[in-house]
Each structure stands twice: as structure tokens, then as C-alpha cells.
Amino acid sequence: MKHLHLPFLLMMVTTLTIISCRSTKQVSSDQTIQSSLDMSEQELLQKVQGNKHTAQYVASKIKFKVELGAQEISLSGKLLMRRDDVIRLQLMAFGFVEAARIEFTKDYVLVMDRINKQYLKVPYQHIDFLRTSGINFYMLQALFWNELFEPGKTDVSKNMLKKLEIDLSGIDAVMKFNQDKLSYSWLTEKNTGEILMTNILYADRFRGNSQLNWDYNDFKTYDRYHYPSTHNITLTLPKKEVKVGININSISHDASWEPRTTISNKYKEVMLDDILHRLMSL
């Protein structure tokens, strides 16, 4: 199969998402970061890692707006997540009809046009931006849950934490990690360790740079969890820019849903552009 270029809905797939649901539990003493970092840097990283949530399930109603040039679409929806297993985004048209479903598992990305009974199911390496940016399921999960990640890995290692470049000179802390043509950055609130922004930059001097910038705002407490209720995402490609705004309406830990979508034999497998054309006409 040929590699798919990254048009509108893929950018929406990569950037559309939801919530961070993080526990306020701090890192235990045996997880102290042993490195050449000074004490203030170690304290910051312990706060960031200590914010990692403990919930296994997340369910949330959301509202979002996607802009691509002059095109704009606003829909309601739902985000269902099971830790280390699946991320599912259900998009509603007219408030009650499921128009599309986007499902991330560890092995594939599924995009479904529910109205026209079309679907696309491909591994991550068949999607240009995900492949070149080194994004796998676990990195997407970290973006969705407002957490730190290690490129291409399932979790953050102590070795990666030691390699982070940390700048504490500003109002907020900046953490950076470079790998080949890729640069990963996190803007972090010093006192709480909350991640305020994540940036992924892929530098390509031949085709042009690609950049994903994800801002988290309006942190609120739900139950014992703290999460950003507003997400502003911008994906900039050499020839286009996509903006996504997400508002979190509610959050629960509902586990009463099937973790995998079954594709009916009534659905036709198509290319991504075919699904985009249909969905943008809603």
C-alpha cells in the first residue's frame, strides 16, 4: 500500500482529542531522578511525572471546531479511552447522529464515515506525519492525557529524563529533547508541573518543516483529577495549516463500552480523501 498523504481529517485525527485526567499523587522516593540535573530541575521533573494519571478509563463529552483555510466544521462528540489500549473519538452531526469514528489502537488507525458507510484502516507507518514524527500510540496517548512522553517508546525512561534540556529562566519552564530531524518541547508550569504546551517539530529542508503545537488551558478539578478543559491545537505543514479547538464538557470513568469497533461487511474500504470529501460536506 502506498503511503497516505496527510490531508484534513488526518490532521484532525492527529490533533483532535481530549482530555488530560491526571492524579495529584507525587512520585515516590524510589523514583527520584538520578542524574547530573541540579535539585530544581529534578524537582520539576518529579512534579511533571507525578501528575501522570492513574485512571484506567476516561469518557468525556466534547465540543470542537476544526479550521482548514476557509473551511470550518463544528461538531459535538465523545472521547472514550482505555489506558494503554485504545483511544476512540466519536463525532456527532446534528447533535444525535454519529457521523464519523476515529479509533487509535497500538497497531492501527481506523477512520470511519458512518453516514456513507466507508472506512480506512491502516498501520501508523502508512500515515506521513505520524511516521516522520515518530508518533506511535503511546505518544498520542500522552498528548491526549496531557503527559510527558519518550519518542517511539511505551513510557518515559530515566535515561530520557537525563537527556532533557531544561530552561528555568522564564516564568514557565521549558523542556527540550532533540532526535535527528525531530525536536520535542514542553512548556511547563513550575509550581505544579502541569504541561501547558507540547510542540513537535520535524525539520525537512527539502519538503519543508512540519510542526504540531498543542496548548492546554483552563485547568479544572474533577473528582480528584486535574485536567485542561480547553485544548488549542495547530498543525502546520509546508502547504497548509489546521487549527482545532476542543472544549471539555464533562468527564467520567465509564468502562461500559467495547474497546474495539467491528466493521460491518456493508462498509466499503476507501482512501482518506474520499472520507474527507464526504465529511466536510456535513
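Brief remarks on what is shown
- Across the range 47-72, the qualifying residues are those that are part of a strand (DSSP E or B) and surrounded by 18 or more Cβ atoms within 10 Å (Cβ to Cβ), and the one among them that is modelled with the lowest pLDDT is F64.
Every residue, every condition in (1) open to solvent by 50 Å² or more (accessible area, probe 1.4 Å); (2) among the β-branched types (V, I, T), yes or no:
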| residue | (1), (2) |
| --- | --- |
| N217 | yes, no |
| H231 | no, no |
| V242 | no, yes |
| N247 | yes, no |
| E258 | yes, no |
| V270 | no, yes |
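- Pick from the range 168-181, criterion touching a strand residue (DSSP E or B) at 6+ places or on another chain (Cβ under 6 Å) and in a strand (DSSP E or B), ranking: most open to solvent (accessible area, probe 1.4 Å): K176
- For first residues located in the range 209-223 and touching a residue at least 12 places away in the same chain (Cβ under 8 Å), partners that are aliphatic (A, V, I, L, M) and not in a strand (DSSP E or B) and lie 6+ apart or on another chain with Cβ distances below 7 Å form the pairs N209/A203; W214/L143.
- Candidate set: the range 188-242, residues that are over 24 Å from E72 (Cβ atoms), modelled with pLDDT of 90 or more and among the charged types (D, E, K, R); chosen: the one farthest from the chain's Cα centre (by Cα): K190
Residue-by-condition table, conditions (1) touching a strand residue (DSSP E or B) at 6+ places or on another chain (Cβ under 7 Å); (2) assigned to a strand (DSSP E or B); (3) under 15 Å from L130 (Cα atoms); (4) of a type in the set (A, V, I, L, M, F, W, C):
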site: T154; (1), (2), (3), (4): no, no, no, no
site: I166; (1), (2), (3), (4): yes, yes, no, yes
site: S183; (1), (2), (3), (4): yes, yes, yes, no
site: L196; (1), (2), (3), (4): yes, yes, no, yes
site: L212; (1), (2), (3), (4): yes, yes, yes, yes
site: F219; (1), (2), (3), (4): yes, yes, no, yes
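- Filter pass, F129 being aromatic (F, W, Y) and farther than 28 Å from G208 by Cα: no
- Scanning the range 103-152 for residues that are assigned to a loop (DSSP other than H, G, I, E, B), open to solvent by 40 Å² or more (accessible area, probe 1.4 Å), farther than 26 Å from S264 by Cβ and at pLDDT 90 or above yields a count of 0.
- Complete set of residues in the range 41-77 that are acidic (D, E) and farther than 27 Å from M160 by Cα: E67, E72
Each row is one residue, and each column tells you yes or no for (1) assigned to a strand (DSSP E or B); (2) in contact (Cβ under 8 Å) with a residue 60 or more places away in the chain.
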site	(1), (2)
T192	no, yes
R207	no, no
T230	yes, no
I246	yes, yes
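The values are calculated or read from the model by the stated rules, or taken from the named source; none is laboratory data. Remember, it's a predicted structure, so these values are computed and weren't measured experimentally. A quick note on method: Cβ atoms are made from the backbone with ideal geometry, for glycine too, and the neighbour counts reach across all protein chains shown. Calculation scope for accessible area: heavy atoms of the full protein, side chains included, ligands and nucleic acids excluded. Shrake-Rupley method; radii C 1.70, N 1.55, O 1.52, S 1.80 Å.
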